[in-house]
Amino acid sequence: MSAPAEQLQSKPIGWDGKTLIEMTEESKRLFEETGRYYGVEDLTLLRDQPILYEKIFSRLRGGLVNARSTALNISASPIVRELGELSFAIYTPEGDSIALSTGIIVHVHTMSDAIKYMIKHNYEQTPGIRDGFIFCNNNSMIGDVHTADVHTIIPIFHEDELVGWAAGVTHEVDVGGINPGSMCYGHADRYGDGILVSSELVGENDEFYEHYLQRCRECVRAEMYWVLDEKTRLTGAQMARRQVLRTISEVGLDTYKKFMREAIEEGRRTFLQRSKTMLVPGRYEAPSFTDLPWADDVNVHGQARKDMMMHAPLSMTVKGDGQVEMSFEGANKWDYHSFNCAPSPMQGAMWVQLTQTLWNSDKINDGAYFATDLKLPYGSWANPDWEKVSTTLTWFFLIPGWSGMIRSVGRSYFARGFLEDISASYCTSWNLMQGGGPNQYGVDGAFTNFEVSCGGTGALYVKDGETACAAMWNPEGDMGEVESWESMEPLLYLGRGVKPSSGGPGKYRGGTGSEALRMVYNTHAQTLFNGGEGHCFSSYGVYGGYPGCSGYRHNMHGSDMKKRIENGEPFPRLDGDPEDSQISALCEAEEENFDMKAIQGPKHFGEYDLYLSMNRGGPGLGDPLERDPRSVVHDVNIGHVLERFAKSLYGVEMTREGESFVLDEAATQKLRDSMRKKRLEQSVDAKEFFDQQRQRVINKDFIRPVRDMYASSMDLSSEWNEKFRKFWNLPADWSL
Ligand code: MN
């Protein structure tokens, strides 16, 4: 449908008679010419009226936080309402972020990408950008993390002029993919990902088009959650818009315009200043890997049925002027799984990590975007060269992929002496429990359990990590009430507790993770996913600290739980120590899946089947033999460390006194001395070690998935190929 002729001829909506495309080009030109945002040289508003400047920022920031806190009450989904998996932000007319609320701030840049897409594709002409229009996007190739995250974007007009944009995002319970759950996987490509809304006009006059809402209801499971979340986002975005207009009416349009340019330029300068203060220029290497053991998983698509590894050779370069470059050069190719990642989420992830580490100021905006560069090799899992790849669970590669950034930043802090800021990095956010089917209310349901936002945190240089409380993607972790999840999921919690020895050992240990044991109940059938790494550690320790535990799968199909409950017999509450599993000890089943295949395609579960969900612990820092032995004994007594590891890992001898243990100081000293001696005996010269490993590389002594991974990286990147050869000093005729 074409717009009426008078609308097509209407004057541009940008400033000073410019179109949005012209404004964007000008911004780009000014940045290229001056290296400063919009060419701003003197921050005159900040200099001459600092109180007013701060007041404007506080108004906007406060308005956004308020919008988030109010809007989330409209949602029915525990993901949004209880865990706060939403955020709001405001942008310049060109789509650069000025200020944002709390919440899933990984999205601030993804929504920026979605706005820039609309400008680039001349939405100003068709379908037009007018006051009261509502746009929606969940296409990660345009600007989003994954299909489950849905954006609502509205323009902000002052009279006939566009003064910016307000936008909000929520994570949906279900997006109508080939299987239930918000991030289903096991299918080959995008055609199974679910409903795709590509920066579409979905309403006007501040009302959604009925045909749009109807299409959504028809395309997703658990439609109530989707529709209420549409209203959640629109309400928050409208509140943000009102706050901008109120601010303009108080300070005047010219001052507001000046503020938005200065706020971003100040953000850029603050970032560079922080970076120069905290980091030492140079190059930092911190690769990560994760496993995808799908060779014999009958529940995944034939094209994906192989054992795969993700390669994320993250290299961080800090320049003399503070500019930071992150490069994934050498990442291996995308594949027929759902863990591929568009550039927009990679950009968002860098951004959220910077705000939690280097740039921990309240004044966060796209200034960091202008002070950083991100290199994502085309054709890799992080920048696919085929637009139809599946991206439902982008996080599966992204989270381990970025863990090296925190280690690199920490090493730089060490060199500068900012010891208390050093972290061993974050844990990966698994197990991801999701699925659906006919639910306890007799209707088709779907869910994603966001307990996953509460992993153990990494150890710091001066203290242990925190227990079960955080995720790298939402700085406000909350695991939600058991009862909230049970109201949505037809699975009962048999127990929820800390997972002993899940935090990485070290002088300071990683924060402990948690586990929940679930029983399918009040339904005959559910499709459930396990999601997480199992065969390799995807977030390592630092300075001699160990990684947190990797995951495993422990599910019971056709269990005897019904009989146990009827007869009043004991049943498992948690799994505890997998080498002395409480599930196996207290429950019998026709099929027991107890292995390291922690990520599996959609699997059928019947009533009384058991499902274990284990959330990871954080990585450790420093040599475990340097840990205060009293802390080790305490950890054993409170159930955070398994008794046997006190001795084998920490060299701590204890004696039992009643219910608890006490330290045997003399025996500990003796044991630690002998362990240190043994280390010396076993150690080899670094050169000898390097030569041994080099021989393995020359002999191509890799397991198949590792060999495939390196071959793929070399195939995609001659630069990385050269780097690998040079590092190992390989013969010219060597190839994989
Ligand atoms: Mn999401």
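The values are calculated or read from the model by the stated rules, or taken from the named source; none is laboratory data. All of these numbers come straight from a predicted model, not from anything done at the bench. What goes into the accessible areas is simple: the full protein's heavy atoms, side chains included, and nothing from ligands, DNA or RNA. Shrake-Rupley method; radii C 1.70, N 1.55, O 1.52, S 1.80 Å.
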Can you give me the long-range amide H partners of Leu86? Hydrogens built in the peptide plane at 1.01 Å from N, cutoff under 5 Å, separation of 5 or more residues or another chain. Ile104
Read phi for every residue in segment 137-153 and hand back ³J(HN,Hα) as whole Hz from Karplus 6.51 cos²θ - 1.76 cosθ + 1.60, θ = phi - 60°, with x for Gly and Pro. 8, 9, 9, 5, 6, 8, x, 5, 7, 7, 3, 5, 8, 10, 9, 10, 10
In angstroms, what radius of gyration and Dmax does segment 246-386 have, counting Cα atoms only? 19.7, 65
Restricting to Cα atoms and excluding each atom paired with itself, what does the Kirkwood estimate give for segment 624-682 in Å? 11.5 Å
Express as a percent, rounded to the nearest 5, the fraction of DSSP beta bridges in the chain (both residues included) that run antiparallel. 95 percent
Whole-Hz ³J(HN,Hα) from phi, Karplus 6.51 cos²θ - 1.76 cosθ + 1.60, for segment 63-69, glycine and proline x: x, 6, 5, 5, 4, 5, 5
For Gly617, which sequence-distant residues (separation of 5 or more, or a different chain) have an amide H within less than 5 Å of its own amide H, given hydrogens modelled in the peptide plane? Gly456, Gly513, Cys549
How large is the accessible surface of Tyr543 in square angstrom, using a 1.4 angstrom probe and rounding to the nearest 10? 90 Å²
Over the chain, average the accessible area per residue using a 1.4 Å probe and give it in Å², no decimals. 39 Å²
Using only the Cα atoms of segment 278-329, what do you get for the radius of gyration and for Dmax, in Å? 17.5, 53
If you plug each phi of segment 540-554 into the Karplus form 6.51 cos²θ - 1.76 cosθ + 1.60 with θ = phi - 60°, what whole-Hz ³J(HN,Hα) values come out, in order, with x for Gly and Pro? 8, x, 10, 6, x, x, 9, x, x, 5, 8, x, 8, 10, 9
Expressed as a whole percentage, what fraction of the accessible surface of the chain belongs to carbon and sulfur atoms when a 1.4 Å probe is rolled over the protein heavy atoms? 50 percent
For the chain, what does the helix formula give at 222 nm: sum of -39500 (n - 2.57) over DSSP H segments with n ≥ 4, over the residue count, nearest 500 deg cm²/dmol? -11000 deg cm²/dmol
Just the projected area, averaged over all directions, of the convex hull on the alpha carbon atoms of segment 460-616: how many nm²? 10.1 nm²
Remind me, relative contact order of segment 624-682 in percent, using alpha carbon pairs under 8 angstrom and six or more residues apart? 30 percent
Report, by chain and number, residues whose modeled amide H sits under 5 Å from the one on Glu172, excluding near sequence neighbours (fewer than 5 apart, same chain). Asp149, Val150
If I ignore ligands, DNA and RNA and count only protein heavy atoms, how much of Tyr608 is accessible to a 1.4 Å probe, in Å² to the nearest 10? 40 Å²
Using only the alpha-carbon atoms, what does segment 612-736 span along each of its principal axes? Please give whole angstrom values in decreasing order. 65, 41, 21
Mean 1/r over distinct Cα pairs of the chain, inverted to a Kirkwood Rh in Å, yields 27.1 Å
Rh (Kirkwood, all Cα-Cα pairs) for segment 384-509, Å, reads 17.0 Å
Calculated log₁₀ intensity ratio I(q)/I(0) where the Debye formula runs over C-alpha points of segment 179-225, q = 0.20 Å⁻¹: -0.78
